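The values are calculated or read from the model by the stated rules, or taken from the named source; none is laboratory data. What you are looking at is a predicted structure, and each value in this text was computed from that prediction instead of being measured. Cβ placement follows ideal geometry from the backbone for every residue including glycine, while neighbour counts extend to all protein chains displayed. Accessible surface is based on the protein model in full, side chains and every heavy atom, while ligands, DNA and RNA are left aside. Shrake-Rupley method; radii C 1.70, N 1.55, O 1.52, S 1.80 Å.
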Amino acid sequence: MKVEVQLGDITSISVDAIVNAANPGLLGGGGVDGAIHRAGGPKILEECQRIREHRYPEGLPRGLAVTTTAGDLPATWVIHTAGPIFSRGEDRSAILASCYRESLKEAGRVGARTIAFPAISAGVYGWPVEDATDIAVQAVLHSPPDVQEKIQKVILVAFSPEVENAWKQALKNSKS
Ligand code: ADP
């Protein structure tokens with residue numbers, strides 16, 4: 001499993017699966033979620049609605065992930081995961097790590113070999129970027145052997161140079 005950093009818009013990346021930093025409602029939102037639904041078209045929302053009706057009437061629990069079509073996007077699948085809202089009083093990093101683990105598991109399950117992640121919870125959910133990217137990189141690099149075999153490439157996507165630096169630093173930290 002190769003891990004790379006890429007600066008840009010996740011909706012234009014040609015990988016098998018892109019991950020959406022969604023919310024438990026799964027019916028769209030701001031940030032990367034809004035961008036994915038705008039660029040991918042209505043098919044993604046239709047499938048999200050079905051998932052809400054049949055599997056998660058109360059919403060997708062934070063830390064879990066579900067897969068839909070990618071609609072008009074270059075990717076084949078969108079894997080939606082709901083990250084935790086950052087809290088100073090409570091350590092929610094296990095939930096954030098779980099988002100990456102569960103998304104990779106979903107990717108393996110559907111047969112995706114390449115996957116792109118945004119910096120989950122590091123936008124509207126307020127997680128300090130360096131900490132969010134460290135947790136993410138640890139979770140990705142410590143994914144179970146069967147996942148590491150199935151997934152060839154993980155792209156850590158940065159929408160700004162600040163996040164790009166944080167991803168790169170997190171990868172460096174993991175080697176020291
Ligand atoms: P959350 O609610 O989980 O914090 P956000 O979408 O607000 O999710 O932000 C998560 C990260 O995704 C932030 O670093 C934000 O800059 C980034 N982001 C926003 N739009 C895009 C996009 N189109 N492609 C890649 N990353 C994006």
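Remarks
- Seen from Asp131, the other residues with C-beta closer than 12 Å to its C-beta sum to a net charge of -1, counting Lys and Arg as +1 and Asp and Glu as -1.
- Note on segment 99-141: Cα-Cα pairs beyond 17 Å make up 33% of the total pair count.
- Using θ = phi - 60° and Karplus 6.51 cos²θ - 1.76 cosθ + 1.60, couplings along segment 162-168 (whole Hz; Gly, Pro as x): 4, 6, 4, 4, 5, 4, 5
- For segment 2-174, the relative contact order comes to 30 percent (Cα pairs under 8 Å, sequence separation of at least 6).
- Dipole magnitude for segment 19-127: computed about the Cα centre from +1 point charges on Lys and Arg Cβ and -1 point charges on Asp and Glu Cβ, it is near 180 debye.
- Rounded to the nearest whole Hz, the Karplus-based 3J(HN,Hα) values (6.51 cos²θ - 1.76 cosθ + 1.60, θ = phi - 60°) of segment 98-109 follow the sequence 4, 4, 5, 4, 5, 5, 5, 5, 4, 4, x, 5, with x at glycine and proline.
- Amide H contacts under 5 Å for Val5, placed H, 5+ residues apart: Leu156
- Å² of accessible area per residue within the chain, as computed with a 1.4 Å probe and no ligands counted: 47 Å²
- Taking a Cβ cut-off of under 14 Å around Leu73, the surrounding Lys, Arg, Asp and Glu residues balance to a net charge of -3, with basic ones at +1 and acidic ones at -1.
- Taking only alpha carbon atoms, the chain gives an Rg to Rh ratio of 0.93, where Rh is the Kirkwood radius.
- Across the protein chains, with a 1.4 Å probe defining accessible surface, the residues Phe159, Phe117 rank Phe159, Phe117 from largest area downward.
- Close amide H pairs (under 5 Å, H built 1.01 Å from N) link Ala116 with Ala17, Ile18, Val19, Ile155, residues at least 5 positions away or on another chain.
- Distant-in-sequence amide contacts of Thr69, defined by a placed amide H-H separation under 5 Å and a gap of 5 or more residues or a different chain, comprise Val78.
- Measuring nothing but protein heavy atoms, the accessible surface of segment 1-150 at 1.4 Å probe radius is 50 percent carbon and sulfur.
- Cβ-defined net charge surrounding Ser93, 11 Å radius [Lys, Arg +1; Asp, Glu -1]: -3
- Each residue of segment 110-126 was assigned a 3J(HN,Hα) from its phi angle through the Karplus expression (A = 6.51, B = -1.76, C = 1.60, θ = phi - 60°), giving 7, x, 6, 10, 10, 8, 10, 10, x, 7, 4, 6, 8, x, 4, 6, x Hz with x at Gly and Pro.
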